[in-house]
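The values are calculated or read from the model by the stated rules, or taken from the named source; none is laboratory data. The shown structure was predicted, so the numbers you read here are calculated from the model rather than taken from an experiment. Positions of Cβ are generated from backbone atoms using ideal geometry, with glycine treated the same way; all protein chains shown enter the neighbour counts. Quick note on the areas: whole protein, heavy atoms, side chains included, nothing else; ligands and nucleic acids left out. Shrake-Rupley method; radii C 1.70, N 1.55, O 1.52, S 1.80 Å.
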Amino acid sequence: MNQPIPPSEEELHAYVDGELDTSRHAEIEVYLQRHPLVLERVLEWRHTSRLLRSDLLHTVASRPNPRLDVSQVRRRLILRARVRMVAAAILVAGVAGGVAGGWQLGRERAAVAPMADAVEAYRVFASDANRPVEIGADNEATLQKWLSKRLGRSITFPDLHGEGFDLLGGRLLATAEGPAALIFYQDKAGQRVSLYIRQSNRFDRGTRGSRNEDGLLTHYWYDGGYGFAVVGRADDPRAAAINAAMRSAG
């Protein structure tokens with residue numbers, strides 16, 4: 001079988017935006033399955049596009065503005081991010097020990113809530129009616145193997161049938177701390193709950209807690225160099241039972 005031609009960055013952007021013809025789209029699908037690092041980058045772009053699209057729907061005026069095209073905005077943001085990364089690398093290379101200590105203190109003060117990215121991932125994908133997951137429950141074995149390999153640990157999918165939820169599927173996300181697994185369950189009414197797993201050394205093993213944010217209840221814990229979070233509706237009377245069942249994942 002012929003190897004697919006490696007896509008250019010422009011083609012990858014076109015792939016994310018659904019602008020490729022069917023044959024080239026299929027070739028890139030094959031290429032991405034064989035190159036997980038490129039796949040992570042593409043999934044991050046797709047995640048950014050969905051965030052931008054959600055924000056722009058609230059801000060776009062009735063007259064079209066080419067500068068607010070989602071694909072163009074995303075590409076400008078990626079370019080700016082690269083510039084910032086280079087500038088940061090130059091800055092870090094030149095700072096003295098005392099300045100570095102102050103910078104670290106500033107980072108600690110600006111620290112976000114534990115597993116905050118799990119909540120944001122839920123907000124983005126839980127309401128997606130068309131494609132909340134990359135691989136569905138009908139390919140559970142493939143999904144489990146894929147996520148386990150990318151996260152560097154064996155991942156199990158807890159059984160939530162007793163709480164009325166079936167496995168919906170999952171996806172891989174790119175985060176500042178490395179790849180993250182987002183796994184969704186859904187009940188017969190369409191309500192969803194997620195399990196989020198990624199590497200993390202920010203907190204000691206055994207650290208755990210919960211918080212209620214804008215109607216979403218998050219239970220989180222840290223174990224063996226990984227962070228775990230269960231996110232669902234705060235008004236769900238099954239929340240405690242769901243959290244207890246999810247703990248079997250880590």
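Tell me whether segment 226-249 contains one or more residues that are closer than 14 Å to M115 by Cβ, small (G, A, S) and open to solvent by 40 Å² or more (accessible area, probe 1.4 Å). Break it down into steps so the answer makes sense when it comes.
Taking segment 226-249 as the starting set, the residues that turn out to be closer than 14 Å to M115 by Cβ are 226-232, 243, 246, 249.
Still in the list and also small (G, A, S): 227, 229, 232, 249.
Remaining after also requiring open to solvent by 40 Å² or more (accessible area, probe 1.4 Å): none.
No, that holds for no residue.
Among what's in segment 10-46 and is among the acidic types (D, E) and in a helix (DSSP H, G or I), pick the residue that is nearest to the chain's Cα centre (by Cα).
E44
Does S154 count as of a type in the set (S, T, Y) and within 30 Å of L32 (Cβ to Cβ)?
Yes, satisfied.
Return a yes/no flag: does segment 138-146 have any residue that is touching a residue at least 12 places away in the same chain (Cβ under 8 Å) and under 23 Å from L216 (Cβ atoms).
no
Mind counting the residues in segment 21-43 that are more than 17 Å from L173 (Cα to Cα) and open to solvent by less than 40 Å² (accessible area, probe 1.4 Å)?
3
Give just the number: which of (1) in a strand (DSSP E or B); (2) open to solvent by 50 Å² or more (accessible area, probe 1.4 Å); (3) under 20 Å from E40 (Cβ atoms); (4) among the small types (G, A, S) does S154 not satisfy?
(1)
Please indicate, with yes or no, whether at least one residue in segment 168-182 is free of Cβ contacts under 8 Å to residues at least 40 places away in the same chain and over 17 Å from the mean Cα position of the chain (by Cα).
Checking segment 168-182: not a single residue is free of Cβ contacts under 8 Å to residues at least 40 places away in the same chain and over 17 Å from the mean Cα position of the chain (by Cα).
Select, from G164, G169, the only residue that is small (G, A, S), open to solvent by 10 Å² or more (accessible area, probe 1.4 Å) and at positive phi.
Answer to the selection: G164.
With the condition kept exactly as written, say whether any residue in segment 234-250 is part of a strand (DSSP E or B) and either without any contact (Cβ under 8 Å) to a residue 60 or more places away in the chain or in contact with a Gly (Cβ under 9 Å, 6 or more places away or on another chain) (or both). I'd like the intermediate steps shown before the answer.
Narrowing segment 234-250 to residues part of a strand (DSSP E or B): none.
No, every residue in segment 234-250 fails to be part of a strand (DSSP E or B) and either without any contact (Cβ under 8 Å) to a residue 60 or more places away in the chain or in contact with a Gly (Cβ under 9 Å, 6 or more places away or on another chain) (or both).
Could you list all residues from segment 210-225 that are free of Cβ contacts under 8 Å to residues at least 40 places away in the same chain, open to solvent by 30 Å² or more (accessible area, probe 1.4 Å) and in a strand (DSSP E or B)?
S210, N212, L217, H219, D223
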